[in-house]
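Let me begin by presenting the structure, written as structure tokens, before commenting on it.
The values are calculated or read from the model by the stated rules, or taken from the named source; none is laboratory data. It should be emphasised that the depicted structure is a prediction, and the values quoted were computed from it without experimental measurement. FYI the Cβ positions are ideal-geometry reconstructions off the backbone, even for glycines, and counts take in every protein chain you see.
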Amino acid sequence: MDTEDGNASFVEDAPPERLPSDTVQLVFLLIVLIVGLPSNCLVFSRIMTLYKASHKDSVKAGFLLLKLNLAITDLMLLFFYALPKLLWNITYEWKGTDSMCKTHNYLSMASYYLSSNIIVCIALDRLRTVLGASKIRRGKSTRSIRLLIFFAWFFAFAWSLPQFVVFQTVDVLPNSNATWIQCSDVWTINTIRKEGAPPSVPEWILQPPMQAVYELTHLLLVFWGPLVALSISYVIIAIRLARFSMSGPQSAAPPHLASCGGEASEARYMVDSDEVSCELVIKRDHTSGPFNAISSLFKARKESMMPRNRATVQPMWRRRLRGKLFRSTLLIVAAHFMFWFPYNFASLVAYLSIDYKEIIAIHAYFLNDLQILITLVNPMLYAIVQ
């Protein structure tokens, strides 16, 4: 500030000083990267090892493939969003080219879209497992999951293409001999560009309705649309599991396990996270011979594995459906919602209330950075479930 001749006037030809909030953000991003990069690399390595050791057409392999892609999206958020933003915060100016500005925003936005898409894929896979519990077949599980993953990646990068048009570099000090280059969207640039300078994009893109369409579409695709899909999927899952619980322990085996029995009069069956299998307890009237010895061995093994109160025991495939098979999924989805909801809710409220729009805009950076905490939480959830 210039105070010459007793008259105070603000100097507008120099970059602003660093704010305390900028320092807080710098420390936050540094901690996220220091903790997030090694933990996610470790999780990625562990899941990859398990995936290579599993049967490639099993249910377990399909779920590991989804978790592997989720680990990849966490690493993408760290490399394409957190790391560039940390460097940007340190220099306090965009040091890259205009193309690098566009590419940074494209890859970071694609990482966010991909993270949401993979979460939806996990929910759809769990829904398919519940709805098709009696029709699980080897060889079909991973094919459908690979198709889901393909579309998740395709749409994530397709939906991010507008970033190449929307983001550009701009000199924030247009009326000064000094320069302070930043990477920003065209609507913000339009408000600070030099008077009389031609617009960098067609005029129709700069209109407020187009900005509203762009921002609302982003919110719909990155959070609210996936949230609706997750809600519907888990409501159906909860209803089906409730029916499984209420139908009692003496219900019939799934149709595809009926062929396991042959002449057996009793079968115990399960849907495991790795494969579908059945164990038969043969009951015959033979009193001697090798057949009776095998029958006794099978029966003894069964009785040793089952609780004493057999009247209250449900088939193992039902217990597994309500057990570990879904715990990790529910934790992942709940964490995703917990850390992504504040920013997306605040952004939506900004359109519904003009009074809160400026307040939300001031604090939006904090809520936006809160989303990348999911890259620290997911490895912890993986360790807890394991």
- [ ] State yes or no: is E358 over 20 Å from N69 (Cα atoms), modelled with pLDDT under 80, outside the structural domain of V130 (by TED's automatic domain parsing) and acidic (D, E)?
- [x] no
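Conditions tested, residue by residue: (1) among the hydroxyl-bearing types (S, T, Y); (2) surrounded by fewer than 12 Cβ atoms within 10 Å (Cβ to Cβ); (3) within 22 Å of I122 (Cα to Cα).
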{"position": "T179", "(1), (2), (3)": "yes, yes, no"}
{"position": "C183", "(1), (2), (3)": "no, no, no"}
{"position": "V186", "(1), (2), (3)": "no, no, no"}
{"position": "Q211", "(1), (2), (3)": "no, no, no"}
{"position": "L230", "(1), (2), (3)": "no, no, yes"}
Task: Residue among L352, L321 that alone is modelled with pLDDT under 85, more than 21 Å from the chain's Cα centre (by Cα) and crowded, with 16+ Cβ neighbours inside 10 Å - done: L321
Open item on the list: Whether any residue in the range 136-155 is within 22 Å of L221 (Cβ to Cβ) and either at pLDDT below 90 or in a loop (DSSP other than H, G, I, E, B) (or both) is what I want to check.
Closed with: no
- [ ] Within the range 329-346, track down each residue that is at pLDDT below 85 and surrounded by 20 or more Cβ atoms within 10 Å (Cβ to Cβ).
- [x] T329, I332, V333
Open item on the list: Testing V166 on (1) out of contact with any Leu (no Cβ under 8 Å at 6 or more places or on another chain); (2) over 25 Å from L77 (Cβ atoms), one condition comes back false. Which one is that?
Closed with: (2)
Task: Cβ-Cβ under 8 Å pairs, at least 6 apart or on other chains, the range 203-215 side touching a residue at least 12 places away in the same chain (Cβ under 8 Å) and in the same structural domain as Q163 (by TED's automatic domain parsing), far side assigned to a helix (DSSP H, G or I) and buried (at least 17 other Cβ atoms within 10 Å of the Cβ) - done: I205/V186; L206/V186; L206/W187; L206/N190; Q211/W187; Y214/V166; E215/S347
Open item on the list: Checking the structure you have, find out if any residue of the range 58-79 is of a type in the set (S, T, Y) and modelled with pLDDT under 95.
Closed with: yes
- [ ] Looking only at the range 16-50, count how many residues are surrounded by fewer than 11 Cβ atoms within 10 Å (Cβ to Cβ) and in contact with a Ser or Thr (Cβ under 6 Å, 6 or more places away or on another chain).
- [x] 0
